[in-house]
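Report on one structure; see the data block that follows.
The values are calculated or read from the model by the stated rules, or taken from the named source; none is laboratory data. What you see is a predicted model, and the numbers here were worked out from it, not measured in a lab. Here Cβ is always computed from backbone atoms with ideal geometry, including for glycine, and neighbour counts include all displayed protein chains.
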Amino acid sequence: MNNRGMITAGQLFVLLFISRVIVTVTYSPQLSSGDDMWSHLISALISFPLTLLMLVPVLLLRRQNASMSVLEFSEDVFKRFSVIIILFYAIYFLLVCGYGIALYNKFISLGVNGETPVFAISAAVAVASCYGAFKGIEAMARASGIILVGLFATVLLMLCGLLPSTDTENYRSVLSVSGESVYSGTVLMLSRMSCIPALAVLYPIVKGNISRGSVLWSSFVFMTIMLFIILVTGSLGDYLKYSIFPVYQAAKTVNIGFLQRLDALFIGLWTAGLFCRLSLFMYLFALCVGKIFGKKASRIAIVLGSAAVIIFGAVTTDMGFRSFIFSKDVWLWLTITAAVIIPLVLLIIYKIKSVIKGDDREGVKAHEMQ
Amino acid sequence: MYRFISELKNIYGKAPEQKPESKPTPLTVSLDENTERLKKRFNGSADLTVHKMELRGIRFGIITIEGMVNKEILALGVIKPVSEETYEGTPKDAFEKIKSKILYTAEQVEVLTLEDVDKFIMSGFAVIAIDGCAKMLALGIQGFSFRSVSEPDSDVVQRGSKEGFVEPLRINMSLIRRRMKTPRLKFETMTVGSDSRTDICLCYLTDTVSPEILGKLKKRLDSINLKTVMASGYIAPYLEQKGDFSFFSGVGISERPDTVCGKISEGRIAILVDGTPSALIVPFLFVEYFQTLDDYSNRAYFATLTRWLKYIAFFIAIMLPGVYVAVGSFHPELFPSQLLGKIAGSIAATPMPLGVETIVIHFVYEIMREAGLRMPQPLGHAVSIVGALVIGETAVNAGLIGAPTLMVVALTAICSYVIPSLYAPTAILRFLFIIAGAFLGIWGVILLFCMVLVNICGKKSFDVPYTAPVSPFSMTAMRDVFVRAGWKQLSKSTSTVQTMPGTDLQGCESDE
């Protein structure tokens with residue numbers, strides 16, 4: 001793994017945007033207790049301000065000391081016991097990789113019905129991501145800039161392909177959707193905000209305006225989510241309920257002139273996006289391990305982490321959408337703990353400690369003056 | 001085999017531990033002693049020539065290396081005037097007279113040590129020694145034969161100079177100087193190779209070059225521990241960033257002095273190696289593979305078109321066979337319906353799996369290419385006929401290989417010649433993409449593409465990101481990347497390579 005390099009805020013948020021959007025395109029009604037995708041338009045509108053709120057503790061922590069990540073803050077605050085927090089983040093990042101690979105396996109086995117063995121593909125994805133993590137954050141950030149162009153082109157093609165096939169009758173009033181469905185969608189969207197803990201670890205190596213970038217990032221993420229919901233609902237209609245991966249299904253149905261069978265593009269887009277996501281989180285995992293066991297251990301951690309992800313993928317291939325792997329409640333709590341609770345606790349204790357330190361200093365000064 | 005390995009070891013192996021610079025051996029007043037010591041140093045080598053003569057009581061010696069000096073100038077411009085003159089006084093007076101009154105060669109250097117005598121005679125100088133004088137006079141009358149300046153074979157342009165670099169270093173320096181008539185252009189010579197002692201020359205503009213990059217380059221050149229440097233390719237690996245493995249090179253090569261001058265004016269450094277008709281250029285970025293001199297001679301809109309053709313050709317050259325194998329083997333439904341029948345029929349009719357078939361055809365093609373490069377020119381046609389008719393047509397007619405596969409390979413082969421300097425990485429990557437597609441389908445191709453992308457994105461050439469200015473992105477630089485803006489636009493601001501986005505010049509101390 002390369003040394004920490006400086007990347008720009010733009011590069012970081014492009015990387016995070018791809019990591020988040022790639023999870024969006026894997027939307028499955030099965031993941032949100034079989035809800036209607038259309039209901040989640042309201043969920044997206046609710047999740048957007050909530051995401052901004054979730055960003056606040058991390059941004060405040062950064063304001064305290066921009067050169068210290070959440071891991072360094074925990075070292076500063078909890079001293080030796082910080083290992084627990086760092087370990088939590090390491091496991092969290094590894095689980096995010098596991099979630100990604102498990103979802104990918106589901107897609108390959110249920111969505112594509114290809115002839116390639118699922119295990120071989122997920123192993124290849126993990127190995128490639130391992131290489132990405134080895135090359136370091138700078139390489140990943142630069143590569144994601146190029147992948148983003150591909151992503152935009154794909155989205156644009158899908159937009160062109162799906163727009164003519166959308167039927168306004170497929171849309172019903174957003175006000176008629178059930179509250180339970182909206183709640184379920186909101187939980188699903190917030191539980192997938194693993195990019196916020198990633199930001200909490202990465203911001204010291206980023207130059208540029210992170211606050212503005214965060215707002216733009218979440219705005220674009222939710223705009224993309226809403227665009228997908230509108231497009232896919234309009235083109236698939238009732239068929240949406242029976243589709244396991246609606247976005248993929250919609251891409252498959254495109255048939256306008258030379259724009260046919262965009263599922264190949266979808267597969268490419270998802271694989272490239274997943275590569276970015278897994279590389280990023282594997283890198284973060286290695287960063288956490290390196291904090292505990294030293295820099296050399298982080299290289300080994302990438303290899304071991306990849307092996308763990310491959311095994312995790314193999315074990316969970318046959319598990320259903322109801323299993324704990326895809327449980328949105330479990331993920332919501334994990335994400336809120338990593339993105340909000342820990343940074344908030346660190347912020348409060350750090351503030352208190354600095355206030356006490358300040359009082360001590362004032363006391364010493366007064367004593368000296370006397 | 002053992003001999004071959006030891007030969008390789010000899011070339012690439014570490015030079016023996018450099019002994020601390022021994023004290024130079026001063027010349028003595030005795031001509032015989034000096035020449036004997038010199039012969040001993042050369043182990044009686046046949047090409048060392050010592051011509052002794054006696055004129056009016058003073059003994060002279062002219063030392064040269066056979067074939068390195070111009071014999072006509074030596075006879076008429078050195079021996080004749082020296083022998084026709086009268087000498088009075090001491091041998092030292094004779095030496096001064098020869099130096100200041102008799103000989104008028106452009107290059108005259110006084111030599112005081114035996115090591116310097118070695119150096120000068122091996123560079124084509126004639127050295128005059130006088131018995132009774134503890135110094136010698138080196139005269140620059142080089143006359144070895146070399147190829148005349150001609151159009152380069154690989155770096156061909158439609159509009160522009162037809163001059164290319166040749167083997168002698170000094171001529172290459174003059175080719176650059178003729179195009180850059182500014183005192184800011186500096187040539188700095190160094191020597192590499194403990195046995196070959198090959199002269200190399202750094203060329204740069206003093207006010208444009210980055211001192212950090214220059215310092216780092218010198219440090220890397222100093223670290224070269226080769227015994228022999230026969231071509232610029234020997235030193236190129238030493239100029240790459242350490243631990244930065246990639247199929248793509250961070251060191252550019254050009255056979256054209258005009259291209260090199262263009263690069264120098266952008267803050268880059270050219271390295272000329274004596275005996276090599278090409279220059280190395282550092283730092284070198286990925287987008288430079290797609291820029292040729294013709295782009296700047298042609299109209300902007302056409303240059304933009306050709307540049308895009310190059311980008312597309314590059315992607316076809318590395319990915320098309322891989323994608324074809326992946327789709328044909330695992331996702332045939334992705335072929336357009338009109339095409340599906342024909343391709344499926346062809347795949348079904350051939351005995352080998354599609355992946356193996358494509359690899360075999362590529363392998364045969366690479367063999368034919370290699371044979372075509374090495375064999376005598378007249379036999380080239382024979383190879384073409386054998387390749388096209390015997391292997392190609394007959395194999396398709398016999399049903400051994402499919403016509404669509406052959407077409408894909410042929411298209412790929414043509415595309416790979418659009419950028420000849422990228423042939424080596426393209427050939428390797430093409431095989432890797434075929435293997436990835438054959439084993440993992442479209443997923444394998446995409447994953448390999450991502451890995452290659454990360455690989456080149458993580459690469460740096462002298463601390464300048466290899467993928468700049470695409471990623472990290474620079475809008476102003478785009479006028480010469482995805483489009484080629486007109487000269488009026490290009491000349492509005494001049495940018496140097498060290499101002500590329502993401503460049504983090506560390507200074508030569510923190511090289512590795």
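Pull up region B:331-346, narrow it to residues that are within 45 Å of the chain's Cα centre (by Cα) and more than 14 Å from chain A (Cβ to nearest Cβ), then point me to the one that is nearest to B:Ala403 (Cα to Cα).
Looking at residues that are within 45 Å of the chain's Cα centre (by Cα) and more than 14 Å from chain A (Cβ to nearest Cβ), I get B:Ser346.
Can you find a residue that is within 14 Å of another protein chain (Cβ to nearest Cβ), in contact with a Leu (Cβ under 7 Å, 6 or more places away or on another chain) and in contact (Cβ under 8 Å) with a residue 12 or more places away in the chain anywhere in region A:46-65?
Of the residues in region A:46-65, the ones within 14 Å of another protein chain (Cβ to nearest Cβ) are none.
Checking region A:46-65: not a single residue is within 14 Å of another protein chain (Cβ to nearest Cβ), in contact with a Leu (Cβ under 7 Å, 6 or more places away or on another chain) and in contact (Cβ under 8 Å) with a residue 12 or more places away in the chain.
Consider only pairs whose beta carbons are under 8 Å apart and that are at least six residues apart or on different chains; among these, list those whose first residue lies in region A:275-302 and is within 13 Å of chain B (Cβ to nearest Cβ) and whose second residue is not in a helix (DSSP H, G or I).
Pairs that qualify, where the first residue is within 13 Å of chain B (Cβ to nearest Cβ) and the partner is not in a helix (DSSP H, G or I), are A:Tyr283/A:Met1; A:Tyr283/A:Gly136; A:Arg299/A:Met1.
May I ask you to verify whether B:Ile102 is more than 17 Å from B:Lys39 (Cα to Cα), without any contact (Cβ under 8 Å) to a residue 60 or more places away in the chain and not charged (D, E, K, R)?
Values: more than 17 Å from B:Lys39 (Cα to Cα): yes; without any contact (Cβ under 8 Å) to a residue 60 or more places away in the chain: yes; not charged (D, E, K, R): yes.
In short, yes.
Of all residues in region A:87-110 being among the small types (Gly, Ala, Ser) and out of contact with any Ser or Thr (no Cβ under 6 Å at 6 or more places or on another chain), which is farthest from the other protein chains (Cβ to nearest Cβ)? Break it down into steps so the answer makes sense when it comes.
Taking region A:87-110 first, the residues among the small types (Gly, Ala, Ser) are A:90, A:98, A:100, A:102, A:109.
Filter again for out of contact with any Ser or Thr (no Cβ under 6 Å at 6 or more places or on another chain), leaving A:90, A:98, A:100, A:109.
Details: A:Ala90: 22, A:Gly98: 18, A:Gly100: 14, A:Ser109: 13 Å.
That would be A:Ala90.
Any residue in region A:111-129 that is facing chain B (nearest Cβ under 9 Å), small (Gly, Ala, Ser), within 28 Å of B:Lys459 (Cβ to Cβ) and free of Cβ contacts under 8 Å to residues at least 24 places away in the same chain?
Looking through region A:111-129, at least one residue is facing chain B (nearest Cβ under 9 Å), small (Gly, Ala, Ser), within 28 Å of B:Lys459 (Cβ to Cβ) and free of Cβ contacts under 8 Å to residues at least 24 places away in the same chain.
Looking at this structure, is B:Arg430 touching a residue at least 12 places away in the same chain (Cβ under 8 Å) and more than 14 Å from chain A (Cβ to nearest Cβ)?
For B:Arg430, the condition - touching a residue at least 12 places away in the same chain (Cβ under 8 Å) and more than 14 Å from chain A (Cβ to nearest Cβ) - is met.
Out of B:Ser471, B:Ser421, report the one residue that is among the hydroxyl-bearing types (Ser, Thr, Tyr) and either within 11 Å of another protein chain (Cβ to nearest Cβ) or farther than 25 Å from B:Thr306 by Cβ (or both). Don't jump to the end; show me each part of the working.
Numbers: B:Ser421 fails: either within 11 Å of another protein chain (Cβ to nearest Cβ) or farther than 25 Å from B:Thr306 by Cβ (or both).
Of B:Ser471, B:Ser421, the one residue that is among the hydroxyl-bearing types (Ser, Thr, Tyr) and either within 11 Å of another protein chain (Cβ to nearest Cβ) or farther than 25 Å from B:Thr306 by Cβ (or both) is B:Ser471.
Pairs needed: first member in region A:75-95, of a type in the set (Gly, Ala, Ser); second member anywhere, assigned to a helix (DSSP H, G or I); C-beta distance under 6 Å; at least 6 residues apart or different chains.
A:Ser82/A:Ser74; A:Ser82/A:Glu75; A:Ala90/A:Phe285; A:Ala90/A:Cys288; A:Ala90/A:Val289
Of everything in region B:33-69, what is more than 29 Å from B:Thr90 (Cα to Cα), surrounded by fewer than 16 Cβ atoms within 10 Å (Cβ to Cβ) and in contact with a strand residue (DSSP E or B) (Cβ under 7 Å, 6 or more places away or on another chain)? Give them in sequence order.
B:Phe42, B:Asp47, B:Glu66, listed by residue number.
Collect the residues in region B:44-70 that are assigned to a loop (DSSP other than H, G, I, E, B) and at negative phi, keeping them in residue-number order.
In the first step, residues of region B:44-70 are kept if they are assigned to a loop (DSSP other than H, G, I, E, B); the result is B:44-47, B:56-57, B:66-68, B:70.
Those that are assigned to a loop (DSSP other than H, G, I, E, B) and at negative phi: B:Ser45, B:Ala46, B:Asp47, B:Glu66, B:Met68, B:Asn70.
In region A:316-349, how many are acidic (Asp, Glu) and in contact (Cβ under 8 Å) with a residue 60 or more places away in the chain?
Step one: filter region A:316-349 for residues acidic (Asp, Glu), giving A:318, A:329.
Narrowing the set further to residues that are in contact (Cβ under 8 Å) with a residue 60 or more places away in the chain leaves A:329.
Final tally of qualifying residues: 1.
Examine region A:257-272 for a residue that is buried (at least 21 other Cβ atoms within 10 Å of the Cβ), within 14 Å of chain B (Cβ to nearest Cβ) and among the basic types (Lys, Arg), and state whether such a residue exists.
No, region A:257-272 has no match at all.
Is it true that some residue in region A:222-238 is at pLDDT 80 or above, over 13 Å from A:Ile42 (Cα atoms), touching a Leu at 6+ places or on another chain (Cβ under 6 Å) and in a helix (DSSP H, G or I)?
There is at least one residue in region A:222-238 that is at pLDDT 80 or above, over 13 Å from A:Ile42 (Cα atoms), touching a Leu at 6+ places or on another chain (Cβ under 6 Å) and in a helix (DSSP H, G or I).
Suppose the filter is assigned to a loop (DSSP other than H, G, I, E, B) and without any contact (Cβ under 8 Å) to a residue 24 or more places away in the chain; does B:Thr191 pass it? Talk me through it step by step, then tell me what you get.
Working: assigned to a loop (DSSP other than H, G, I, E, B): no; without any contact (Cβ under 8 Å) to a residue 24 or more places away in the chain: yes.
Criteria not met by B:Thr191.
Residues in region A:147-169: is at least one modelled with pLDDT of 85 or more and under 30 Å from A:Ser67 (Cβ atoms)?
yes
Taking the condition of being more than 8 Å from chain B (Cβ to nearest Cβ) and touching a helix residue (DSSP H, G or I) at 6+ places or on another chain (Cβ under 9 Å), how many residues in region A:142-158 meet it?
In the first step, residues of region A:142-158 are kept if they are more than 8 Å from chain B (Cβ to nearest Cβ); the result is A:144, A:148-158.
Pick out the ones that are also touching a helix residue (DSSP H, G or I) at 6+ places or on another chain (Cβ under 9 Å) and you get A:144, A:148, A:150-151, A:153-155, A:157-158.
Adding up the residues that qualify gives 9.
Here are the criteria: (1) outside any helix (DSSP H, G or I); (2) under 24 Å from the mean Cα position of the chain (by Cα); (3) at pLDDT below 90. Tell me which single one B:Thr467 does not satisfy.
It is condition (3) that B:Thr467 fails.
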